[in-house]
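Working notes, beginning with the structure itself.
The values are calculated or read from the model by the stated rules, or taken from the named source; none is laboratory data. Keep in mind the model is a prediction, meaning the values are calculated, not measured. Neighbour counts are summed over all protein chains in view; Cβ atoms, including those assigned to glycine, are modelled from backbone coordinates with ideal geometry. When the accessible area is computed, the model is the full protein with side chains, heavy atoms only, and any ligands, DNA or RNA have been set aside. Shrake-Rupley method; radii C 1.70, N 1.55, O 1.52, S 1.80 Å.
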Amino acid sequence: MVGLGNARYRGVGVVYPFLAYFLIGLSMHLAGSYYSVYLYSYGVGEALIVLSFSINMVAQSIAVYPGGVFGDRFGRLKAVSIGVILYGLGVSMLWLAPCSVTAIVTAILCGFGTSFIISLEAWLADVYSGELGKVLSMFRAIYFASGFVGGVLALLVSGFGIRYVFLVSMLTILIAIAPLMMLPDVRGSKSVREIFRVTRDLFNRVFISILLYSSLISIPLILFYSLWSIILTERGFQESFIGLAYSVLLLSATIGSIATYRLLKTINSIALLSIASISLGLLLIASNTIQSLSATLTIFLLLEFVLGILTASLSYVKNRVVPSTIRASALSLIDLANTFTTSIFAPIITKLYPTTTLIVAGIIAIISTSLLITTKKTII
């Protein structure tokens, strides 16, 4: 058992929360592994696919802060359960009738659902605050590991038809409610007024810098996630093996997340974020420049390893700069900034630079490190 930060939760193990998060991640990766290719095969164009990701981000932006406030005020696991139900409904729509319209409906429902599910990170950070770096690294590793399992499972299920992947995704995320019910809930504040008051005092230089960095780096992340499977198929990769490729890539990200805990013991977290951002940018540029399928697969493997480090270390930094009483609300504000940024710029970049999208994404990733310079001495 990891060290805990609050004696009230000293008897809480890691099995139930990590099982719940594994099931949630498994569901998301099942749907995500075939989402773009699935819609593409039903006649949905690339621009609309990227637009659906942006609509998903807009839906998140609408619900993310209310979801965080709800979690802080009424219970973070209650918020997660609501999110699980909404996400399950969204995936079921895509399973029932894959087309442009249901892609938009799914994007909206899943966006709302994801906004409430975000409260699980705040719950973990408070209950296991004694070893924040270790727990959040495990948290991200489990998410990526669920992607590895999800990719293999998606490959097996797709043998009966790609549509069934989305049915299994729906069932998996709804099962996640069971382990959530076995855990004690956590609330941050006693009133919404207190949440607003503490939030108002949160906007200092360090928090703003992390918020801006997270917003900027989210653009290359969403662009890569939206286009990677299409890039592989266009370069000759067999469509039926996309699920397997997804698993292998996420295994690389899992290894990166696991390595983050050790790296944080020897490297300043801001320095680690900077190195990961620059590496991410260079790999994105290389993936757009080098057209060989084998080289692209190799670059994508390295890219996912870096993503594992980047997301885990960013999660650690965000939880270091926000107060526990409004943790869910504060984290939701950062996610709100992320979704606002990506919903505006991701489709614009894809439209204006259709052949060099990942080069632009790489340049943005490298530029984002400039926002971290002033926080290096503040966050350890």
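Annotations for the structure displayed:
- Only one entry of Ile177, Ile117 meets the criterion of being touching a residue at least 60 places away in the same chain (Cβ under 8 Å), closer than 23 Å to Leu333 by Cα and not small (Gly, Ala, Ser), and that entry is Ile117.
- Residues in the range 279-301 that are within 18 Å of the chain's Cα centre (by Cα) and without any contact (Cβ under 8 Å) to a residue 60 or more places away in the chain: Leu301 alone.
- Residue pairs meeting the criteria (Cβ under 6 Å; at least 6 apart or on separate chains; first touching a residue at least 12 places away in the same chain (Cβ under 8 Å), in the range 62-76; second among the basic types (Lys, Arg) and surrounded by fewer than 19 Cβ atoms within 10 Å (Cβ to Cβ)): Gly75/Arg187
- Filter result (among the charged types (D, E, K, R) and within 25 Å of the chain's Cα centre (by Cα)) within the range 162-203: Arg163, Asp185, Arg187
- Phe18 being open to solvent by 40 Å² or more (accessible area, probe 1.4 Å), modelled with pLDDT of 85 or more and in a helix (DSSP H, G or I): no
- The set of residues in the range 130-183 that are out of contact with any helix residue (DSSP H, G or I) (no Cβ under 9 Å at 6 or more places or on another chain) and among the aromatic types (Phe, Trp, Tyr) contains only Phe160.
- Qualifying residue in the range 104-112 (condition: out of contact with any helix residue (DSSP H, G or I) (no Cβ under 9 Å at 6 or more places or on another chain) and of a type in the set (A, V, I, L, M, F, W, C)): no
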